[in-house]
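Visitor: Right, I'll just put the structure down here and ask away after.
The values are calculated or read from the model by the stated rules, or taken from the named source; none is laboratory data. Quick caveat: nothing in here was measured; it's all calculated off a predicted structure. Counting neighbours? That spans all protein chains shown, and the Cβs are built from the backbone with ideal geometry, glycine included.
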Amino acid sequence: MIHERADSSGSLNCAVRSRIVVPVGIPPIEDGVLVVERGKIQTVARWSEWPGHSRYPVVDLGETILLPGFVNCHCHLDYTALAGTIPPPRNFAGWLDAIVTLKAKRELSDYRRSWIAGARMLERSGVGSVLDIEAVPELLPEVWNATSLRVWSCLELIDLRSPENPVSLMAAAEKRRRRLNRTRSNHCGLAPHALYTASDELLRLAADAGGLFTVHAAESEAERDMYLTASGPLHSWLERWGPVNRAGEGSPITLLERTGALRRRPIIAHANYLSPGEEDLLAQGQATVVHCPRSHRYFGHDPFPWERLQKAEVNIALGTDSLASCPANQGGQPVLDYFLELTTAANSHPTLSPTILLNWATVNGAKALGQAQNLGKLLPQYQADFTAINYQGRTNEACEAIVYHQGEPAAAAVNGRWTIPPAT
Ligand SMILES: [Zn+2]
């Protein structure tokens, strides 16, 4: 039986006991306890060494692993309803063409439903925080209020074929961002979409604006070929609207550096196709690279160059990307499932240790968001975002069990509030 108290904000004031606590950053604790008060972690300890038994109500999760809520560093929640609508394309340009066509048929209410459904899927797979790219910012802040997740919304910026110039586009985005940041402090950033949809000036203005800055770059072979050799399917697709800006002028990462964006601690989605030495450029810029394992598999990209990035000490985080670029599940439509992203990454990279992968999913994501002291660990003074999965195995295999976990967690909380209450 659970005995717990909640304060007036609905946040738990209790001790959560679990057979294995994986705080991340320090070794797992067998028969551990996490004390939660006012949305924060007060104590993490071994149950037998913790003196507060009589002072706190206890939620005993039994045979579980308790771990930090995941940090999802790349997502497009408003595309959730596009799950299964685009079969894996022959090349990246084919996918872009398909999604542009599909988006044109959708209405605001479709995007709203999609966003909220996607957020619920993330909650149910142990995610506590998400960096979401907002193609439909009109939905904010209404949709923020429909989820318990911590959401960092980055406003998508595109000036390819836009009648507006970059300065006026940025002015409008900044106005919106200021208004939204008053609603939820500093949770709104900027996302110039990609080199092929944002001009140098737009990229520079967005990077210089300060705050969270994210961009897609070096995602596909088609993108690399277009910028290195002015050839390939993406080049042909974009040429329909006239000469392609920067085609043949250099690799995507060097072109991004030219805009000044690499000096602003950018969060770069994908970075799958790097020219020699570019991992060092990314490290110098304190960039985060976000790997999206299932989207990667859907497109059939070359292997993600994680060893090069890791060796250069680039911060690597994990994202789900959207369901518009996600392989079908066996027997049904795909859903956003962070555990499945971990499993896919582990299966794709047999030399990648579960511990490193768990770091990508937690502390590295928190670092990318500028939240290294708040999120991604179960330590005193961190936010009480945690997830529990059923587990009866050995403690030294707990990280592996997390990475290969399937299905819904046994319990989860964000900001000390249950998003998945434990069974009573
Ligand atoms: Zn994306």
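Matching residues to (1) in contact with a strand residue (DSSP E or B) (Cβ under 6 Å, 6 or more places away or on another chain); (2) closer than 13 Å to residue 65 by Cα:
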{"position": "371", "(1), (2)": "no, no"}
{"position": "374", "(1), (2)": "yes, no"}
{"position": "377", "(1), (2)": "yes, no"}
{"position": "386", "(1), (2)": "yes, yes"}
{"position": "389", "(1), (2)": "yes, yes"}
{"position": "393", "(1), (2)": "no, yes"}
{"position": "396", "(1), (2)": "no, yes"}
{"position": "399", "(1), (2)": "no, yes"}
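Visitor: So residue 227 fits all but one of (1) farther than 28 Å from residue 347 by Cα; (2) within 16 Å of the ligand (Cβ to nearest atom); (3) not polar (S, T, N, Q); what number is the exception?
Guide: Only one criterion is unmet by residue 227, namely (2).
Conditions (1) in the same structural domain as residue 290 (by TED's automatic domain parsing); (2) under 13 Å from the mean Cα position of the chain (by Cα); (3) not acidic (Asp, Glu), marked per residue:
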residue	(1), (2), (3)
133	yes, yes, yes
140	yes, no, yes
146	yes, no, yes
160	yes, no, yes
164	yes, no, no
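Visitor: Here's another thing I want to ask about it. In the list 238, 281, which residue meets the criterion of being modelled with pLDDT under 95 and buried (at least 19 other Cβ atoms within 10 Å of the Cβ)?
Guide: The conditions single out 238.
Visitor: For the range 71-84, how many residues are over 30 Å from residue 372 (Cα atoms) and either of a type in the set (A, V, I, L, M) or within 16 Å of the ligand (Cβ to nearest atom) (or both)? Reasoning before the result, please.
Guide: Step one: filter the range 71-84 for residues over 30 Å from residue 372 (Cα atoms), giving 81-84.
Remaining after also requiring either of a type in the set (A, V, I, L, M) or within 16 Å of the ligand (Cβ to nearest atom) (or both): 81-83.
Qualifying residue count, the range 71-84: 3.
Visitor: Now for a different question. With a cut-off of at least 2 residues that are buried (at least 22 other Cβ atoms within 10 Å of the Cβ), name the strands (runs of 3 or more DSSP E) lying wholly within the range 32-143.
Guide: Where strands (runs of 3 or more DSSP E) fall fully within the range 32-143 and carry at least 2 residues being buried (at least 22 other Cβ atoms within 10 Å of the Cβ), they are 64-68, 70-75, 127-134.
Visitor: Does residue 343 meet the test of being closer than 25 Å to residue 289 by Cβ, away from the ligand (no atom under 16 Å from the Cβ) and crowded, with 24+ Cβ neighbours inside 10 Å?
Guide: no
Visitor: Might you let me know whether the range 156-165 holds any residue that is in contact with a strand residue (DSSP E or B) (Cβ under 6 Å, 6 or more places away or on another chain) and either farther than 23 Å from residue 384 by Cβ or touching a residue at least 12 places away in the same chain (Cβ under 8 Å) (or both)? Lay out the reasoning, then the answer.
Guide: Applying the first criterion (in contact with a strand residue (DSSP E or B) (Cβ under 6 Å, 6 or more places away or on another chain)) to the range 156-165 yields 156-157.
Now restrict to residues that are either farther than 23 Å from residue 384 by Cβ or touching a residue at least 12 places away in the same chain (Cβ under 8 Å) (or both): 156-157.
The answer is yes, given that some residue of the range 156-165 is in contact with a strand residue (DSSP E or B) (Cβ under 6 Å, 6 or more places away or on another chain) and either farther than 23 Å from residue 384 by Cβ or touching a residue at least 12 places away in the same chain (Cβ under 8 Å) (or both).
Visitor: Okay, moving on. Listed residues 380, 409; which is outside the structural domain of residue 121 (by TED's automatic domain parsing), at pLDDT 95 or above, crowded, with 21+ Cβ neighbours inside 10 Å and assigned to a loop (DSSP other than H, G, I, E, B)?
Guide: 409
Visitor: When you go through (1) touching an Asp or Glu at 6+ places or on another chain (Cβ under 7 Å); (2) part of a loop (DSSP other than H, G, I, E, B); (3) polar (S, T, N, Q) one by one for residue 13, which number turns out not to apply?
Guide: Status for residue 13: all satisfied but (2).
Visitor: Quick check on the range 306-327: of everything there that is in a loop (DSSP other than H, G, I, E, B) and away from the ligand (no atom under 11 Å from the Cβ), which residue is surrounded by the most Cβ atoms within 10 Å (Cβ to Cβ)?
Guide: If we take residues in the range 306-327 being in a loop (DSSP other than H, G, I, E, B) and away from the ligand (no atom under 11 Å from the Cβ), then 326 is surrounded by the most Cβ atoms within 10 Å (Cβ to Cβ).
Visitor: Now, a different point. Give all pairs with beta carbons closer than 8 Å in which a residue from the range 276-287 that is within 14 Å of residue 310 (Cβ to Cβ) and assigned by TED's automatic domain parsing to the domain that holds residue 252 meets a residue that is exposed (fewer than 14 other Cβ atoms within 10 Å of the Cβ) and not aliphatic (A, V, I, L, M); count only pairs at least 6 apart in sequence or on separate chains.
Guide: If the second residue must be exposed (fewer than 14 other Cβ atoms within 10 Å of the Cβ) and not aliphatic (A, V, I, L, M), the pairs left are 279/311; 283/313.
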